[in-house]
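Down below is the structure, laid out as structure tokens.
The values are calculated or read from the model by the stated rules, or taken from the named source; none is laboratory data. Everything numeric in this text was worked out from a predicted model, so none of it was measured. As a convention, Cβ positions derive from the backbone with ideal geometry for all residues, glycine included, and neighbour counts pool all protein chains shown.
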Amino acid sequence: MRVRLATPNEVSRLLGVERSAGEVFRAVPGLQALADGEPIAEARHRQWVAQGTEWVATDREGVPVGFLAGEVFDDVLHVWEMSVHRQWQGRGIGRALMDVAVAYARAAGLRALTLTTFRDVPWNAPFYARLGFVPVPAADLDVRLQATLADEVAAGLPAERRCAMQRRLVSP
């Protein structure tokens with residue numbers, strides 16, 4: 001497995017990775033419908049690839065089996081999505097992808113990484129906590145994270161199960 005920047009000609013494969021990763025939601029009470037949801041639009045992936053903030057994990061043949069898509073906002077890298085193909089889960093690929101994103105953010109002089117996720121899904125908030133992320137209390141949410149969470153709720157995600165998390169890279 002190798003992690004590197006994604007290329008434009010890999011975008012269509014990333015949609016398949018996301019669909020496969022989403023299958024695990026079929027076993028989560030109240031979230032089964034997510035397994036049938038549409039993946040992120042190709043146009044968004046192409047934006048992140050062009051910005052140099054989308055990474056892929058590839059197998060020996062160079063085929064993407066996981067990805068992390070992020071975007072820089074001021075001095076923060078926001079992780080929009082991290083997905084690992086179902087057949088490749090549990091092998092440290094998510095951690096490797098996040099390590100590369102953290103290294104990128106540090107090299108760029110960013111102060112933190114942020115993301116939104118499910119509080120109670122084992123491979124979501126508990127996983128990110130093991131990678132150094134902490135929940136952002138509602139009173140401390142900035143306008144961008146408030147808007148992101150509101151957009152997710154408007155799209156049908158249950159507000160009580162969602163949270164924002166942050167991993168600081170430098171002291172405030």
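Entry remark, the range 18-52: residues being of a type outside the set (Asp, Glu), touching a residue at least 40 places away in the same chain (Cβ under 8 Å) and touching a strand residue (DSSP E or B) at 6+ places or on another chain (Cβ under 9 Å) number 9 in total. Restricting attention to the range 149-160, the residues that are crowded, with 18+ Cβ neighbours inside 10 Å and farther than 15 Å from residue 79 by Cα total 0. Set side by side, the residues 88, 80 differ, and just one is over 23 Å from residue 155 (Cβ atoms), of a type in the set (A, V, I, L, M, F, W, C) and out of contact with any His (no Cβ under 8 Å at 6 or more places or on another chain), which is 88. Within the range 6-15, being in contact (Cβ under 8 Å) with a residue 40 or more places away in the chain, surrounded by 14 or more Cβ atoms within 10 Å (Cβ to Cβ) and outside any loop (DSSP other than H, G, I, E, B) holds for 10, 13, 14. Here residue 71 clears all of (1) of a type in the set (D, E, K, R); (2) assigned to a strand (DSSP E or B); (3) over 24 Å from residue 148 (Cα atoms) except the condition numbered (3).
Residue 30 fulfils the conditions (1) at pLDDT 95 or above; (2) touching a Pro at 6+ places or on another chain (Cβ under 8 Å); (3) exposed (fewer than 13 other Cβ atoms within 10 Å of the Cβ) except for a single criterion, (1). Looking only at the range 42-63, filter to residues that are buried (at least 19 other Cβ atoms within 10 Å of the Cβ) and aliphatic (A, V, I, L, M); which one of those is farthest from residue 99 (Cα to Cα)? Here the answer is 49.
Being touching a Lys or Arg at 6+ places or on another chain (Cβ under 8 Å) and assigned to a helix (DSSP H, G or I) is the filter here, so list the residues in the range 129-159 that pass it.
First, the residues of the range 129-159 that are touching a Lys or Arg at 6+ places or on another chain (Cβ under 8 Å): 131-135, 149, 152-153.
Result: 149, 152, 153.
Summed over the range 64-75, residues that are surrounded by fewer than 23 Cβ atoms within 10 Å (Cβ to Cβ) and without any contact (Cβ under 8 Å) to a residue 40 or more places away in the chain total 4. On the stretch given as the range 161-172, residues that are exposed (fewer than 12 other Cβ atoms within 10 Å of the Cβ) and more than 25 Å from residue 75 (Cβ to Cβ) total 0. Within the range 109-142, if we keep just the residues that are surrounded by 16 or more Cβ atoms within 10 Å (Cβ to Cβ) and among the small types (Gly, Ala, Ser), the residue that is farthest from residue 76 (Cα to Cα) turns out to be 125.
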